[in-house]
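One structure, as structure tokens, below. Some questions next.
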Amino acid sequence: MEEQTNEILTSLAEQLHTLAHNLWWTWNPQAQEIFRELSPLAWERSNHNAVDVLHDISRQELTARLHDPDFSKTVQEVLQEFESYLDSRITWASEHIAELKGPVAYFSAEFGLHESLPIYSGGLGVLSGDHMKSASDLGIPFIGIGLFYRQGYFQQRVGPDGWQQELYPIYHPERLPLELVTQPEGGRLLNSVEIGHSTVYFQAWRARIGRATLYLLDTNLPENDQHFQGLTAHVYGGDIDTRVGQEIILGIGGVRLLNSLKVYPAVFHMNEGHSAFLTLELLREELKAGKNLEEAQDSVIARCIFTTHTPVPAGHDRFSQELMHHLLGNFWSDTHLSLDQLMSFGRINPGDPHQLFTMTVLALKMSRAANGVSRLHGLVSREMWKELYPFRPTGEIPIGHVTNGIHTPSWATRKAHDFWNKRLGIDWTDKLMDADYWHKIEFDGLATDEELWALRYVLRRDLIEFVRLRLRDQYLRIGGDGSSSLDHVLSPDALTICFARRFATYKRAPLLFRHLERMIPVFNDPQRPLQIVFAGKAHPRDNEGKRFIQKIVEMSHHPQFSGKVVFLENYDMNVARQMVAGADVWLNNPRRPLEASGTSGQKVVIHGGLNFSILDGWWCEGFNGTNGWGIGDGETESDLEAQDEKDFADLFTGLAEQVIPEFYSRNERGIPVRWIARIRNAMRTLIPVYNTDRMVAEYARKYYLKG
Ligand SMILES: *Cc1c(COP(=O)(O)O)cnc(C)c1O
């Protein structure tokens, strides 16, 4: 008897390790609770890393802990749910896209899956991560290909002068949810690519994302020259040679890895142009197999689709002929085609020797379908690439759009999950594409105004306490004594705006402070207090973006904004989750039309937050007049100063005349009735559309199946 129990416990302990190595737990609050409970301190210190938590717990302790019947019961329930998720045979995919002939291989330079796996820099990565999670939920056979950045993006610190500093901790794969890909007979699986005249070897790490698999390529091997060992160390790190080198590993290396695993995808989906070299490798294979160029190219085109994300010409990777010859010449010599021929694939006008090699052009030429990431961005992209299709009117250029979404179960905080589980039932996460289902949210019966308002208070307070803890750490680090009280920082009763994203300059973080003399009174109305939390990283080489951070930090020290304007360091998916839950209002004021989609504003809705944003990207189509507020009239000025001035004026007026009055207009029970009605309208209209289940289903039907 005794022995049998121990056997069960040993098996549970093993299954917990399996669970920690499948990121399924990142969208299941109950699973997260297990790891948090095992060691609250390790959980916090490791930025919620389940593998790290288990690493520090002995078998002896784990077995002992599992003797606690309540804990053991929770573990068994979660494991059962996990198992039935992995085993379910009837899925959206089995019912809707059963004709799909093989797996989808999805290539992306970054994957934002969870804060504990920091291989992303911003929205593009988070989108890739959310895409994979929904592909798993929908049951689509799906393989992600990315790079393992051993030093991640960077950790942000802000010095006393407000200047961003970058720290590069080294991450250890054995402390991450990764396993080395090995050969059937054991020993790690090595592949190689040619970069210039060097052979560069890479290994791969496997991450499990529910039912989907992600492979992360890594050149940190003793077989490589020192120089190439660090090739994959940083997200978008280094000079242009590093950039091309990383893109060779991702695109060409990714295809070689799949071949060595004997995986033959039906679709290659390039998420942004970084991976477009994969088409050259597919082409090389076809030519080697004896096809002529035209047949070979057709065969590549039939398998590839491409999603573009960049609405400005300057944002696309462009490489000189010299660089291309230098880094890809040797690889290309295997095809017996000329180097001019290679260049022509990346040129709008193949015959023009002065044109640079553009990854987006390569991807467009080698894909059977392409798309932008919102309706407006689709339009902008067709206009931007019309020269590639000289014989077609702009409206008929074959670039469509699929508007981005979010993986709602990952972004909903534990408390939001609990709130909706209680009211909708635990299967609400399976109903994200069902508009009728979300209809009922507009009626009082499901959740009363009082309950929704209570939820807003709970989530706002959680954010404020999170901010105070983080600020205390920041003060302690720069030499404060930690005794100074932070209780005055932010008020749980005040209208709370959040602004968080990469500090790319087009996003105009400091726009709100363009005319201080007008903003100061707005922040200092004792009857209607306003406060704002900022967070975001600037790219290490973007000094303009760093000056924007400095400006925000300076504002947070301004006596008129003290305790009302704060800047939180080290924006990541965890900080994002806290902020999207706590925000009453999510502010986004990019320079239109540069926000291809944006997704952060979509994350607030399930928490009862409202968007107040420029009519750009997803919000341009999501806003209906009553589910939040728009800024600007949807027009674009050519004079940037004039545009900023106009957008500030509109932002100011909207805030002073609509947002603030509505938040503080209360009934006799203290409820802001119109505000809550707006929240309900936002939930009903936005939740069932701006999520990745809808988005991935759209990709599957429109693009994965056809061809
Ligand atoms: C959602 C998210 C983004 C995307 O934000 P946008 O405002 O859409 O640019 C970027 N970074 C992190 C950490 C996120 O969670």
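Could you tell me the distance between the Cα centroids of the stretch 262-278 and the stretch 420-467, to the nearest Å?
38 Å
Quickly estimate the mean residue ellipticity at 222 nm for the chain, helices only: each DSSP H run with n ≥ 4 gives -39500 (n - 2.57), and the total goes over all residues, rounded to 500.
-12000 deg cm²/dmol
Another question, then. Can you tell me, using C-alpha contacts under 8 Å and at least 6 residues apart, the relative contact order of the chain as a whole percent?
With pairs under 8 Å counted, the relative contact order is 13 percent.
Short version: ³J(HN,Hα) in whole Hz for each residue of the stretch 50-64, in order, from phi by Karplus 6.51 cos²θ - 1.76 cosθ + 1.60 (θ = phi - 60°), x for Gly and Pro, what are they?
Coupling constants for the stretch 50-64: 5, 5, 4, 4, 5, 4, 8, 10, 6, 4, 4, 5, 4, 4, 4 Hz.
May I pose another question? So who's got an amide H within less than 5 Å of the one on Ala204, skipping anything under 5 residues away but keeping other chains? H placed 1.01 Å off N, in plane.
Val181, Leu189
To the nearest 10 square angstrom, what accessible area does His439 show with a 1.4 Å probe?
For His439, solvent-accessible area is about 90 Å².
Here's something else I'd like to know. Tell me the carbon and sulfur percent of the accessible area for the stretch 79-206, rounded to whole percent, probe radius 1.4 Å.
C and S fraction of accessible area: 49 percent.
What residues have an amide H closer than 5 Å to that of Asn611, excluding those fewer than 5 places away on the same chain, when H is modeled at 1.01 Å from N in the peptide plane?
Residues meeting the criterion, in which the H sits 1.01 Å from N, are Trp586, Trp629.
Which whole-Hz ³J(HN,Hα) couplings does the stretch 322-332 yield from phi under the Karplus relation 6.51 cos²θ - 1.76 cosθ + 1.60, θ = phi - 60°, glycine and proline marked x?
4, 5, 4, 4, 5, 8, 10, x, 5, 4, 6
Over the stretch 421-576, with the other protein chains present, what is the accessible area per residue in square angstrom, probe 1.4 angstrom?
For the stretch 421-576, the per-residue accessible area is 44 Å².
By DSSP, what percent of the beta bridges with both residues in the chain are antiparallel, rounded to the nearest 5?
Of all bridge pairs located within the chain, approximately 35 percent are antiparallel.
Calculate, for Trp163 and Leu476, the FRET efficiency according to 1/(1 + (r/R0)^6) with r their C-beta to C-beta distance and R0 22 Å; round to the nearest 0.05.
0.70
Something else now. Return the whole-Å distance between the Cα centroid of the stretch 520-572 and the Cα centroid of the stretch 118-181.
26 Å
Next question. What whole number of Å gives the distance from the Cα centroid of the stretch 336-351 to the Cα centroid of the stretch 621-663?
If you average the Cα positions of each part, the centres end up 46 Å apart.
Oh, and also: How about Lys288: which aspartates and glutamates have a C-alpha closer than 14 Å to its C-alpha, ignoring those fewer than 8 places off in the same chain?
Within reach: Asp334.
Sorting His67, His131, His336, His515 by accessible area (1.4 Å probe), largest first, what list results?
Order by accessible area, largest first: His336, His67, His515, His131.
For Gln165, which sequence-distant residues (separation of 5 or more, or a different chain) have an amide H within less than 5 Å of its own amide H, given hydrogens modelled in the peptide plane?
When sequence neighbours closer than 5 places are left aside, the close amide H contacts are Arg157, Val158, Gly159.
Compare Ser128, Ser299 by solvent-accessible area with a 1.4 Å probe and give them largest first, with all protein chains kept in place.
Reading off the accessible areas and sorting them downward yields Ser299, Ser128.
Shifting gears a bit: Pull out the extension gain between Lys431 and His17, defined as 0.36 nm times the separation in residues minus the alpha carbon to alpha carbon distance; nm, one decimal.
Net length gain for the segment: 146.0 nm.
Another question, then. Sort Ser491, Ser597 by heavy-atom solvent-accessible area, probe 1.4 angstrom, most to least.
From most exposed to least exposed: Ser491, Ser597.
Place a +1 charge on the Cβ of each Lys and Arg in the chain and a -1 charge on the Cβ of each Asp and Glu, then give the dipole magnitude about the Cα centre in debye, rounded to the nearest 20.
So the dipole magnitude of the chain works out to roughly 740 debye.
With r as the distance between the Cβ atoms of Asn330 and Leu446 and R0 = 56 Å, compute the FRET efficiency 1/(1 + (r/R0)^6) and round to 0.05.
About 0.30, to the nearest 0.05.
Quick one: 3J(HN,Hα) in Hz for the stretch 140-151, Karplus 6.51/-1.76/1.60 with θ = phi - 60°, rounded, Gly and Pro as x.
Couplings: 7, x, 8, 10, x, 10, x, 10, 8, 8, 4, 10 Hz.
The values are calculated or read from the model by the stated rules, or taken from the named source; none is laboratory data. Everything quoted here is computed from the prediction, not taken from an experiment. Cβ coordinates were reconstructed from backbone atoms using ideal geometry, including for glycine residues, and neighbour counts include every protein chain displayed. Side chains are part of the model used for accessible areas, which takes the heavy atoms of the whole protein and leaves out ligands, DNA and RNA. Shrake-Rupley method; radii C 1.70, N 1.55, O 1.52, S 1.80 Å.
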